[in-house]
Each structure stands twice: as structure tokens, then as C-alpha cells.
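These notes are about the structure you will find just below.
The values are calculated or read from the model by the stated rules, or taken from the named source; none is laboratory data. Just so it is clear, the model here is predicted, and its values are computed rather than measured. For neighbour counting, all protein chains shown are included, and Cβ atoms are generated from backbone atoms with ideal geometry for every residue, glycine included. When the accessible area is computed, the model is the full protein with side chains, heavy atoms only, and any ligands, DNA or RNA have been set aside. Shrake-Rupley method; radii C 1.70, N 1.55, O 1.52, S 1.80 Å.
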Amino acid sequence: MNDSQQTNRYQNYLLVTFVVMLTATTIALHQFKVPTIMGEIAANLRMTEATAPWLMSIFTFVGIFIALPTGSWVQKFGPKAMLIAAAAFAAAGSLLGSLAATGGVMLVSRGIEGVGFIFATVCGPLAISRFVEPAKMGSAMGIWAIWVPVGQILAFNLTPALFGSMGWHSAWFIYMAASVVMAIAILFLLDNKKGNLPAAGTGGATVKFTEVFAKKNFILLCLTFATFNIVFMGTISFVPTFLESSGLLNKSAAAFVTTLPMFICMISSPIFGSVSDKIQSRKKPLLLAMLVLGPSCAMMFIPNLPVVYAGAAIFGAIGMGVPAMVLSSVGEAVEVPELAGPGMGLMMVLQNVGMFLGTSTFMPLYGLLGGSYTAAGLVLIPVAVLGLVFVLMAKIK
């Protein structure tokens, strides 16, 4: 097969990547529409202080159980169908939430949205891996990796405005409509006749899910991603409290600093991916990103504003390159296309475990270290170093 025939097997990488990324972004809107008005929703639905936080944590909880089977389902039904299902679940959950009159119904709706979220998390990279030519994979994954930051930024800015003008019931309905629109876009713009994997129901080699556990390089990638998410969640969850409690910044300024890496990575992540394509290596950029991850995040816990801002900038510009490099290496690490789905499912389980550990262990560390956010932040460095060791051990390009 010549280069022209090889290229014609795939769809335009920008079309595929932006359609998939924007679909997932609408689902991220559902995840992050709650935090800025959580107090108002909890009061309106008479939720207690103990149950209200579940409006957010239900997403991670659902993902731990759903990610593995999702990896198998995408092999059976194909990434296109699963992405449509992702948007449908998110839309259905948001529609139910818009009608909720009790906290219990709202929590159920959030769980349904969470199913859509984990479907998108697992199936988005797999769709890109199928429909995009390998030579553009780094660039595509660099663009894909910004879906959560874009969704968070949009939700944090749109939700308070929508809530103030029309209430959260209408805001939920608007977000539902956005996911429906993108489900239709996926239906018409992704072509199952293209790509490098067999379409759903057309066969392909039969493999056992357990075979993925024998892929040493892939397991090392999963562990790398887990350590990244421990550091990531520990940082973005507790830096605002540190900055405010230390008197360095007020609440709004502290929130801005925390989102600064997200703004920066919207530019840097696609560049990271493009560079990896040009040098034909994922491992080298991944090593660089893991090398600076721990120190840059620890800098954000230093009681010195220039150091905090520098840490946030480095974290966003380089450290946030980890997801794109890890996800674009999955196909190589699992070795056979039929393990890509189960592999991505396992990867997302480790992602959720890392996120859970990042939020659940930081404050106990804070207490053990004498109530020092700076000391607890410094512990993020050896965690990231462990991830760096995993990358060094992995035999990937």
C-alpha cells in the first residue's frame, strides 16, 4: 500500500479530533456545571453537607466500576457508537437533573451523566486511534487532551451566568441540548468505513481481556498515568485553599491561579503532540513532562507568589503534556489493536484510582506533616519521580 492509499484509509485528523473533542467537552460541561452553584443546588434540594459533595464524587465512583467493561463494549460496538452513547447518557442525565425535585433524583442524574463521562474518556482516544492516521496521532491526542480543561473553563464561566438569569433547571436543559447536537455530529461526520480497526460486528481477532495484564509496557504506562493523576488532583484540589488560608490571595484570585495551567495547556498540549509527531517519539516528551510535573506542582504550595505563578505556568506548559503522550502510546504498548479497548478501560480505572488517591491522601499527609501545605506539596515530587521511573522502564518509542 503506497502513502496515498495509506492516507486515504483515514479521515482528516483535524475533523475527527475536533468533533470527538467537542463532543467530550460538552460532557465535561456536565461534570463541572455543579461546583460553582453546589451550595444553591444543595439548599434547593435540601441536601445535607454529607451528601452534597457526592454531586461531584459520583463521577469518579461510577468510573471505577464502568471503565473496564466500557473497554470491552467499545471493541464490540465500535468507538463511534459508544461516543454517541456517551453523549446520550450525558444528555439523559442532564434532562433528568433538570426535572429533579429531590437530592436523590439529582444524584441519580449525576450518576447517569457519569456513565457518559467514562464512555467519552475511554472511547474518545480509541476513536481518534481508529480514524486518524498514525503519523498525526501525537497532534490529534494533543488536541484531544484539552477537552477537560475546556469543559471546566466553559462550565465555570457559563453556569453562574445561566443560573443567575434562568435558574439551574434551564441551564441543565441547555447543556443537554449541547450533547444532543454533538451526538448528531458524531453520527454524520465519523465514517465507519474508514480507519484501522474492524467496524463493530465485522470480526477481527478474538482476544481475552486478561491478555492486557501481560503487556508489561502498557502496565507501566497505566502506573505512570496513575501517578500523574495523584499529583494533578492533589494540586488542583488543595492549592486554592492553601493560597487563601495563607493570605497570599483572595478566593477569586486563588481560583484563577488554579485554572491557569488549564488555560496554558489549551495551547501547549497540541504543540506537545505536534512536536512528538515531528521527532517520532512519545517517550522523550513524556519523560520531560514527568520530570517537571512534581517540582512545578510543589512550587504552587510555596508561600511566595512569583514562585506560585511560575509553578502554575510550568505545570500547564510542560507537566500537562503527560495525558496526550500517555494516551497516544496506548496502541503501541498493548501491541495488538484488539486489546486497545480493554487496555483503555484499564487505563481509565488507574486514572480514577489516581484521582481518588490524590484527593483522599493529601489532607491526611497535611495533618501528619504538622498542618503544612508546603510540606504536603513537596511530597508530590517523589510521587512524580516514581512515575518518571515507570516511563524509563517502559519500552516505547
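With K and R counted +1 and D and E -1, the other residues having a Cβ less than 14 Å from that of Leu162 yield a net charge of 0. Once both labels are positioned 7 Å from their Cα atoms along Cα-to-Cβ, the gap between Phe263 and Met393 label points is 3.9 nm.
Per-residue ellipticity at 222 nm from helix content only, as computed over the chain with -39500 (n - 2.57) for each DSSP H run of at least four residues, stands at -25500 deg cm²/dmol. Remark: the chain carries a charge dipole of roughly 600 debye about the Cα centre, counting +1 on each Lys and Arg Cβ and -1 on each Asp and Glu Cβ. Tell me which of Phe228, Trp147, Ala333 sits at the most positive position along the dipole axis of the chain, charges placed on C-beta atoms (Lys, Arg +1; Asp, Glu -1). After comparing all options, I get Ala333. Net charge of the neighbourhood of Thr26, taken over other residues with C-beta under 15 Å away and scored Lys/Arg +1, Asp/Glu -1, is 0.
Of the residues Ala375, Asn192, Ser72, the one whose Cα sits farthest towards the positive end of the charge dipole of the chain is Asn192 (charges of +1 on Lys and Arg Cβ, -1 on Asp and Glu Cβ, taken about the Cα centre). Counting only Cβ charges, +1 for Lys and Arg and -1 for Asp and Glu, the dipole size of the stretch 260-397 around its Cα centre is about 260 debye.
Can you tell me, using C-alpha contacts under 8 Å and at least 6 residues apart, the relative contact order of the chain as a whole percent? Rounded, it is 25 percent for the chain.
Comparing Ala87, Ala161, Ala317 in a Gaussian network model of the chain where C-alpha atoms under 10 Å apart are linked, the largest mean-square fluctuation is found at Ala161.
The label-point distance for Met363 and Asn157, in a model that sets each label 7 Å from Cα toward Cβ, rounds to 3.1 nm. The relative contact order of the stretch 258-318 comes to 49 percent, based on Cα pairs under 8 Å that sit 6 or more residues apart. Placing a label point 7 Å from the Cα of Val181 along the Cα-to-Cβ direction, the residues of the stretch 84-109 with a backbone N closer than 15 Å are 91. Shown is the FRET efficiency for Val336 and Leu386, computed with R0 = 22 Å from the Cβ-Cβ distance and rounded to the nearest 0.05: 0.20. Rounded to the nearest whole Hz, the Karplus-based 3J(HN,Hα) values (6.51 cos²θ - 1.76 cosθ + 1.60, θ = phi - 60°) of the stretch 233-248 follow the sequence 5, x, 6, 5, 7, 10, 4, x, 5, 4, 5, 6, 5, 7, x, 6, with x at glycine and proline. Which whole-angstrom value gives the distance between the alpha carbon centres of the stretch 230-258 and the stretch 277-341? Measuring centre to centre over Cα atoms gives 21 Å.
Considering only Ala88, Asn12, Pro35, the residue lying farthest towards the positive end of the dipole of the chain is Asn12, judged by Cα position with unit charges set on Cβ.
A simple spin-label model places the labels of Lys278 and Lys251 4.4 nm from each other, with each point 7 Å out along Cα-to-Cβ. Probing with 1.4 Å while keeping every protein chain in the model, the per residue accessible area of the chain equals 40 Å². Taking the Cα centroid of the stretch 365-383 and of the stretch 92-168, what is the distance between the two, rounded to the nearest whole Å? What the calculation gives is 32 Å, centre to centre.
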